[in-house]
Amino acid sequence: MPLTDTQVQKLKPKSKPYRKVDRDSLFIQVSPTGTKTWWYRFRLHGREDMYKLGRYPAMSLKAAREALSEARGLVEQGLNPKHQDKQKRAQAALEACNTFQAMAQEWINERAAEQGWSTRYRAQVEKVLSSDVYPDIGPLPLKAITPVEVKAILTRVKKRGAPRVAFNIRSWCSAIFDYAIGELKIQFNPAAPLSVKVPKTKHYRPLKREEISAFLSGLAEDPGMRVTKINLMLLLYLAPRPSELREARWEEFDLEEATWRPPELKMGDEDHVVPLPKQAIRLLKELKKLTGHREYLFPNRRAPKKPMNPGTTNAMLARLNLSGFSSHGFRATLSTHCNEMGWHPDVIERQLAHKERNSSRAAYNQAAYVAERRQMLQAWADYVDGLAKGATVTPIKAKAS
């Protein structure tokens, strides 16, 4: 007679293990400790064997019979359910290792080496994936990820007002899935059917000559902190990315050599070197007396172990009433005026740490232009100082090569 749920539930342990048969070679074994285990006895290729289905009560009588039916089907095909089960577990373990995060890190390592990513760009990719992607799909096996999960990430990021980040996430995720396809880990790219409208590139306007004069006079009269004013002046003289200067550490500067080497900036295989004009050296020596005991040139006033908040310089710029201008505009300002002064575009682009997009040209032109950039920055700083004095300044043109 087949077993009933009540009978299985009432089975009590004895001093020795014992079995109760259900049907079709299915039986339950009760151990002296009270553990109840479902087993299937079968014969395959002339040999008798047993296959463990599961434990009661996690596997009910009904579930045990369903598992039995599947196991019997394998035996009828000449397959040993024990071997099939091992293969399934091995495949599951393999897929568990092939998670999105593991594949993403492998992709990052390979692409960064192949394409010569800057330290800064790699950090940007890793930060965005860590904060916006990994919490949702990072631990998931690649095969388990569908377009629905990826779309949910993109929708959330767009709703918080970051369409450019959403665009980057879609591009990076798609590249990661394509890489996984090439590694024979998956057969379908779940990001492929999705699209994110490319946000218009924001171009920061440069300051005109008269606006530079107004900026300098306004800055001199502003009652704000001297440290913040020095930050803005260095942005004008050197045109780094605002975050690079804000997060700069004293160890990166050699005032005797008159150079700044931002460690996060890599141009190919070489560190990016920023030559310092005399005006920048004077400002840095003044700043050294104010913040030289700190790690950062521009420490946060409330948390000195952290760099200055970007809102600090933005607030001072807002008080100067420069319509539509932000701290990023200092880069466009240097580029515009130095081009007008006749400096070679390659020298200007190198100063701005822009990577050459033309791979053939990049391979041909590896020069750092340090000497030329030093001359250019000194000429630019002298030109700015002339505007600060209110004089009608004729910019010093670059010498013809």
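Taking the range 118-133 only, how many residues are in contact (Cβ under 8 Å) with a residue 24 or more places away in the chain and more than 16 Å from Ser174 (Cβ to Cβ)?
Going through the range 118-133 one residue at a time, the tally reaches 4.
Do you know which of the residues in the range 205-264 that are part of a helix (DSSP H, G or I) and among the hydroxyl-bearing types (Ser, Thr, Tyr) is surrounded by the most Cβ atoms within 10 Å (Cβ to Cβ)?
Looking at residues that are part of a helix (DSSP H, G or I) and among the hydroxyl-bearing types (Ser, Thr, Tyr), I get Tyr237.
Of all residues in the range 354-387, how many are at pLDDT 80 or above and part of a loop (DSSP other than H, G, I, E, B)?
Residues in the range 354-387 being at pLDDT 80 or above and part of a loop (DSSP other than H, G, I, E, B): 1 in total.
Does the range 318-338 hold any residues that are part of a helix (DSSP H, G or I) and open to solvent by less than 20 Å² (accessible area, probe 1.4 Å), and which are they?
Gly329, Phe330, Thr333, Leu334, His337, Cys338
Conditions: (1) at pLDDT 90 or above; (2) open to solvent by 20 Å² or more (accessible area, probe 1.4 Å). Thr201 meets all but one. Number of the miss?
Result: Thr201 passes all but (1).
Go through the range 111-136 and count every residue that is surrounded by 15 or more Cβ atoms within 10 Å (Cβ to Cβ), small (Gly, Ala, Ser) and assigned to a helix (DSSP H, G or I).
Selection size over the range 111-136: 1.
Being open to solvent by 80 Å² or more (accessible area, probe 1.4 Å) and among the polar types (S, T, N, Q) narrows it down to one of Gln84, Gln101, so name that one.
Among Gln84, Gln101, only Gln101 is open to solvent by 80 Å² or more (accessible area, probe 1.4 Å) and among the polar types (S, T, N, Q).
Among the residues of the range 67-77, write down those that are open to solvent by 30 Å² or more (accessible area, probe 1.4 Å) and over 16 Å from Phe27 (Cβ atoms).
Glu70, Leu74, Glu76, Gln77, listed by residue number.
If you go through the range 146-185 one residue at a time, how many are more than 21 Å from Lys127 (Cβ to Cβ) and surrounded by 20 or more Cβ atoms within 10 Å (Cβ to Cβ)?
The number of residues fulfilling the criteria is 1.
Consider Ala58 against the criteria (1) outside any helix (DSSP H, G or I); (2) within 30 Å of Thr33 (Cβ to Cβ); (3) in contact with a strand residue (DSSP E or B) (Cβ under 9 Å, 6 or more places away or on another chain): it satisfies all of them except one. Which criterion is unmet?
(3)
Taking interchain pairs and intrachain pairs at least six residues apart, which have beta carbon atoms under 7 angstrom, with the first residue in the range 359-379 and within 24 Å of Gly116 (Cα to Cα) and the second open to solvent by 80 Å² or more (accessible area, probe 1.4 Å) and modelled with pLDDT of 65 or more?
Within 7 Å, no pair qualifies.
The values are calculated or read from the model by the stated rules, or taken from the named source; none is laboratory data. From a predicted model like this one, the values you see are computed outputs, not experimental measurements. Please note: Cβ atoms are built from the backbone with ideal geometry, for glycine as well, and neighbour counts cover all protein chains shown. Calculation scope for accessible area: heavy atoms of the full protein, side chains included, ligands and nucleic acids excluded. Shrake-Rupley method; radii C 1.70, N 1.55, O 1.52, S 1.80 Å.
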